[in-house]
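This report refers to the structure that appears directly beneath it.
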Amino acid sequence: MISLDPWIVWPAIFLLFAASVCTRGAFILLFPRVDIPPVIRRALRYVAPAIFAALVAPDLLLAGNQVSISVGNSKFVAAIVAALVAWRTRNALITIFIGMMTLHGLRYFGST
Amino acid sequence: VFSEPFLAGARASLPALPGTFSFGVITGVAMIGAGLTPTAAMGMSLIAYAGTAQLVALQLMVTGAPLFVIALAAFIVNLRFVLFSLTIGPKLPPLRRRSRWMMSYLLSDNGYGFTVDRFTHRPTDPENYPFLVGVCWMIWVGWESGSLVGILFGSAVPAGWSLEFVVTLTFLGFGVAAIVDRATLAAFVVGGGVAVLGWEWPLRLGLIVAAVAGVATGLAIERLTRSAEASR
C-alpha cells in the first residue's frame, strides 16, 4: 500500500477547507452585499466540462507518456462506454458500475 | 427541539441521501486507495467536506503535485459554489456571524438544489432559512456516514480491483453531464486536449492551463454563436 506524506496531506486538508468556505461563503460570509460581473457568471458554465475533462483525459489517453487511442487501451475503451452511459442516463452510479464492469471485462478477456 | 421547517427540509432531502451516501462511500474507498490513513481520510471528509474537491486533491497528491496547485484546483472545482452562494446569500435573514460560518461550511450541491426554488419564488419566507439548514444537515450526515463506511470498506478491498478508476469515471460522468450545447462540448474537448498536451509540464500546471483554456473556448464559442444568430 502506498502512503502519502502527512506534511502534504494535512496542509492540503486545511487548504480544501479554505477553498470550501471561500467559495460557499463568498456571498454569505465574505461579501454579503456584492454582485459579480456577468462575464464571470457566464464563465462558470464552462468550468465543469473543462476541468473534469482535463482531470481525466491524461489518465485515459496516455500510456507511458504516449497518446494511446486504441482498443488495446482498456481504460480508454471503458471510458468511452461510461461516457455514453453518462450521456444517456446522467446517473453517476450507473456510469461507474458499467465503467468498472467494462474495465474488468476487458482485462479478464485478454486485452490490457 | 427542531422547528417544523427544519424537519420539512430534512424530509425534502431524503431522495438525495442514497446518492450522497454512495458518493461518500466511493470517496472513502478512494481516499484509502490513494494512501491516506483512516484518520486523515475521515479528517478530510469532516474538515474539507468537499466531495469532488477531495477527489481532485487526492488525484493530484498521488501524482506529486505541490500544495498550491492542489489548492488552486480545489478552488476551481468549487467555483460553482460561488454561484450558489450568490443566489442564496443575499436572501438569507440577518444571521449571527457563527451561523454565517456554519452555512459557509454546510452549503452543498444538494443543499442548494433543494432550496433554490423556495429562495427564488418566495425570497422573503422566514421558513426558507431553517428549511435550508435542515436539508444541509441531512446531506452532511449522509456524506459523513458514507465516507466512514467507505473508509472501513476501502481498507479491505484488494488493489487488483482498480478502485482508483472509480474516481476517473466519476469525473468523466460529471464532465459529460455538463455538456449541454456546442459551447460546453468545446470546453470539454479543449480542456481534455490541453491537459494531455500539458501532462509533462512541471507542477501539474497543465491542469490549470487546460481549465482556463476550456473556459475561454466555451466563452468564445458562445459569443460566436450569439453573433451568428444576431446577424441572421
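The values are calculated or read from the model by the stated rules, or taken from the named source; none is laboratory data. It should be emphasised that the depicted structure is a prediction, and the values quoted were computed from it without experimental measurement. Here the Cβ is made from the backbone with ideal geometry for all residues, glycine too, and neighbour counts use every protein chain on show. Quick note on the areas: whole protein, heavy atoms, side chains included, nothing else; ligands and nucleic acids left out. Shrake-Rupley method; radii C 1.70, N 1.55, O 1.52, S 1.80 Å.
The table below lists the values:
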{"quantity": "Alpha carbon convex hull of the stretch B:1-128, projected area averaged over orientations, nm²", "calculated": "9.2 nm²"}
{"quantity": "Inter-centroid distance (Cα atoms) of the stretch A:39-112 relative to the stretch B:55-101, Å", "calculated": "25 Å"}
{"quantity": "Heavy-atom accessible surface of chain A: percent carbon and sulfur, 1.4 Å", "calculated": "70 percent"}
{"quantity": "Rule-of-thumb Rg ratio for the stretch B:54-207 [Cα; 2.2 N^0.38 Å; N residues]", "calculated": "1.26"}
{"quantity": "Range of Cα positions in the stretch B:136-189 per principal axis (Å), largest first", "calculated": "43, 36, 10"}
{"quantity": "For A:Leu62, residues with placed amide H under 5 Å, excluding near neighbours", "calculated": "A:Ser68"}
{"quantity": "Residue-count net charge about A:Gly99 - beta-carbon cut-off 14 Å; Lys, Arg +1, Asp, Glu -1", "calculated": "+1"}
{"quantity": "Paramagnetic reach from A:Leu93 (point 7 Å along Cα→Cβ, amide N under 13 Å) across the stretch B:1-36", "calculated": "B:15-26"}
{"quantity": "For chain A, convex hull volume per residue from C-alpha positions, Å³", "calculated": "184 Å³"}
{"quantity": "Cα-based equivalent ellipsoid of the protein assembly as shown: semi-axis lengths in Å, sorted from largest, via gyration tensor", "calculated": "32, 26, 19"}
{"quantity": "Chain lengthening between A:Phe14 and A:Arg33 when straightened (0.36 nm per residue, less Cα-Cα)", "calculated": "4.2 nm"}
{"quantity": "Probe 1.4 Å, all protein chains present, accessible-area order of B:Arg118, B:Arg223, largest first", "calculated": "B:Arg223, B:Arg118"}
{"quantity": "From phi via Karplus (6.51, -1.76, 1.60), per-residue ³J(HN,Hα) for the stretch B:143-158 in Hz, x at Gly/Pro", "calculated": "5, 5, 5, x, 4, 4, 4, x, 5, 5, 6, x, 5, 9, 8, x"}
{"quantity": "Shielding by partners, peptide B:216-228 (average Cβ within 10 angstrom, other chains)", "calculated": "2"}
{"quantity": "Mean-position separation - Cα centroids, the stretch B:103-136 and the stretch B:188-223, in angstrom", "calculated": "34 Å"}
